[in-house]
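Data block below; observations after.
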Amino acid sequence: PRPGGQIYRSGGFTSSTLDRLLGESRRHGAELVTAFEHSGAVYRPRTSVWHLDPDGEAGLLVRDAQGAGASETIRAERIVLATGAMERPVAFAGWTLPGVMNAGAAQILLKSSALVPEGRVVLAGSGPLLLLVATQILEAGGRIAALLETAPRNMNAAALRRLPRAGRGWREIARGIGFYRYLQRRGVPVHFDVDGLVAEGTGALGAVCWQSGGVTHRLPADLLLVHFGVIPVTHATRAIGADHVWDQAQQAWRPRLDEFGATSVSRYAVAGDAGGIGGAQAAEVSGRLVALDAAARLGPMSRDERDRLAAPLHKKWNAATAVRPLLDALYPPPAFAADPADDIVVCRCEGVTAARIREAARRGCTGPNQRSEERRGGEEGRARL
């Protein structure tokens with residue numbers, strides 16, 4: 001209902017707790033929102049895009065404040081997709097239990113309503129957001145029973161090779177070290193090199209189990225917040241048939257873009273983490289680059305003027321993303337993320353297990369909308385994902 005996205009969301013809610021927790025980030029977000037609201041752009045909140053055509057036609061569902069919706073079709077010469085990132089989905093034993101949720105969801109509740117989780121809270125996974133959420137929960141008055149980090153305690157060889165370039169992002173590195181030190185001061189146990197994560201419980205979460213250092217651990221818990229990094233949201237770019245590439249460092253697909261965010265589909269561009277994970281500062285810079293390119297393509301600006309104004313922005317983007325290769329090497333997805341056991345439920349809506357997906361793949365299915373057929377005992381059976 002309001003501008004701000006995942007990073008600067010507030011929904012109009014204000015509190016001294018949020019002002020203290022989010023500080024400079026919230027102030028900067030408010031400045032961006034204010035500038036946008038005075039830009040003259042037509043703003044359509046509560047709008048869903050349900051269809052995109054390569055020729056620039058978009059099908060919309062526009063809802064009013066009461067939730068009633070109406071369909072609409074618009075056509076544009078240039079469409080910028082800024083769909084952002086999503087937390088990497090990982091299926092593990094017990095992840096469907098009530099009491100297990102993504103750390104990002106807990107952060108949304110904190111930012112939008114100042115809600116703080118109660119009881120024995122365990123955070124598990126990998127990546128900077130895990131540390132940030134842990135710190136914010138503590139500062140908001142919550143308690144954390146443990147933080148379970150799947151990455152090793154010490155830098156691996158791949159991370160060490162990327163350390164020199166990451167020096168340009170020393171502020172982010174220092175911030176991450178500060179998070180760890182804060183958790184230590186607050187007495188939060190931090191376990192590294194975690195594997196075999198299991199959520200236990202009958203009807204709801206009761207305990208968290210894991211292996212670390214060759215030892216199996218079990219900790220009673222009321223809430224398990226998991227986070228295994230973020231990946232680009234590519235539904236829209238896939239829908240228009242844009243070219244995608246596999247990002248080996250980030251272990252995710254992303255659209256193939258030029259230096260101004262243009263996709264392989266002529267009318268479309270991508271701004272922000274939907275084009276590759278870089279973080280909030282890089283996303284803001286990429287949005288400005290996409291805007292300059294749109295102005296040059298649509299006529300108000302020459303290509304030479306675009307390139308002149310873009311030069312300092314490219315430098316800012318390089319600085320904002322300097323630490324990213326180090327983070328990708330420090331926090332790779334854990335092994336169990338890519339290889340769940342056969343009995344693990346992967347699709348909780350349909351109750352589809354990893355074994356059923358592997359069997360469908362062996363039969364030649366390459367996507368969830370395909371079906372394969374076989375005959376059993378003279379009767380035709382249909383296996384469907």
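The values are calculated or read from the model by the stated rules, or taken from the named source; none is laboratory data. It should be emphasised that the depicted structure is a prediction, and the values quoted were computed from it without experimental measurement. Cβ atoms come from the backbone with ideal geometry, glycine included; neighbour counts cover every protein chain shown. All accessible areas refer to the heavy atoms of the entire protein, side chains included, with ligands and DNA or RNA removed. Shrake-Rupley method; radii C 1.70, N 1.55, O 1.52, S 1.80 Å.
Ignoring ligands, DNA and RNA, what percent of the 1.4 Å accessible area of the range 206-264 is carbon and sulfur? Result for the range 206-264: 52 percent of the exposed heavy-atom area is carbon or sulfur.
Simple rule: put +1 on each Lys or Arg Cβ and -1 on each Asp or Glu Cβ in the chain, find the dipole, and look at P332, L163, A355; the Cα lying farthest toward the positive end is L163. Compared with the direct C-alpha span, the chain from D247 to E118 gains 42.7 nm at full extension, assuming 0.36 nm per residue.
Can you tell me what share of the DSSP beta bridges in the range 24-175 is antiparallel? A percent to the nearest 5 is fine.
DSSP beta bridges in the range 24-175 are roughly 70 percent antiparallel.
Of the trypsin sites (Lys or Arg not before Pro) in the range 39-101, the ones in a loop by DSSP (not H, G, I, E or B) with at most 15 other beta carbons within 10 Å are R46.
With a simple spin-label model that places each label point 7 Å from the Cα along the Cα-to-Cβ direction, the separation between R20 and A335 comes to 4.4 nm.
If we count GluC sites (Glu not before Pro) as exposed when they sit in a DSSP loop and have at most 16 other beta carbons within 10 Å, what is the longest stretch of the chain that avoids them all? Kindly include the intermediate steps, with their values, before the conclusion.
Working: sites that count: E77, E118, E259, E350.
Free of exposed loop sites, the longest segment is 119-258.
3J(HN,Hα) along the range 247-254, derived from phi through the Karplus expression 6.51 cos²θ - 1.76 cosθ + 1.60 where θ = phi - 60°, amounts to 8, 5, 5, 9, 6, 7, 7, 8 Hz, with x in place of Gly and Pro. With a cut-off of 11 Å between beta carbons, the residues surrounding R120 carry a summed charge of -1, where Lys and Arg count +1 and Asp and Glu -1. Heavy atoms of the protein chains alone define the surface here; on that basis the range 185-282 has 45 Å² accessible area per residue at 1.4 Å probe size. Using a Gaussian network model of the chain in which every pair of alpha carbons under 10 angstrom is joined by a spring, one finds that among A295, A354, A70 the greatest mean-square fluctuation is at A70.
Over all Cα atoms in the range 19-175, the spread is summed up by Rg and Dmax: 20.6, 55 Å.
Would you list the P(r) distribution for the range 62-131, with all Cα-Cα distances sorted into 5 Å bins from 0 and each bin expressed as a whole %? Bins of 5 Å from zero give 3, 9, 15, 17, 16, 11, 11, 11, 5, 2, 0 percent of pairs. Compactness ratio for the chain: Cα radius of gyration over 2.2 N^0.38 Å (N = residue count) comes to 1.08. Does anything in the range 56-82 have its amide N under 14 Å from the 7 Å Cα→Cβ label point of F36, and if so which residues? Residues passing the 14 Å test: 80-82.
Would you mind calculating the gained length between R46 and L109 on full extension (0.36 nm times residue separation, minus the Cα-Cα distance), in nm to one decimal?
Length gained between R46 and L109: 20.8 nm.
Counting 0.36 nm for each residue step from D343 to A174 and taking away their Cα separation leaves a gain of 56.7 nm. Across the range 326-332, coupling constants 3J(HN,Hα) worked out from phi with the 6.51/-1.76/1.60 Karplus curve, θ = phi - 60°, read 5, 5, 4, 6, 6, 10, x Hz, and Gly and Pro carry x. Karplus-based coupling profile of the range 297-307, in residue order and whole Hz: 6, 8, x, x, 9, 7, 5, 5, 5, 4, 5, with θ = phi - 60° in 6.51 cos²θ - 1.76 cosθ + 1.60 and x standing for Gly or Pro. The A68 and T96 beta-carbon pair, evaluated with R₀ = 30 Å, returns a calculated FRET efficiency of approximately 0.35. Applying both filters, DSSP loop and at most 16 other Cβ atoms within 10 Å, to the chymotrypsin sites (Phe, Trp or Tyr not before Pro) of the range 106-195 gives F192. Between A76 and R27, what FRET efficiency follows from the Cβ-Cβ distance if R0 is 45 Å, with the result rounded to 0.05? Efficiency at R0 = 45 Å is approximately 0.85.
Placing +1 on each Lys and Arg Cβ and -1 on each Asp and Glu Cβ, with no other charges, gives the chain a dipole about its Cα centre of roughly 740 debye.
DSSP assigns beta bridges within the chain; of those with both partners inside it, close to 65 percent run antiparallel.
Once the C-beta distance of V190 and E350 is scaled by a Förster radius of 45 Å, the resulting FRET efficiency is 0.80 to the nearest 0.05. Quick one: Cα centre-to-centre distance for the range 164-184 and the range 285-363, in angstrom? Rounded to whole Å, the Cα centres lie 23 Å apart.
Taking amide hydrogens as placed 1.01 Å from N in the peptide plane, the amide H of A85 sits under 5 Å from those of V233, each at least 5 positions away in sequence or on another chain.
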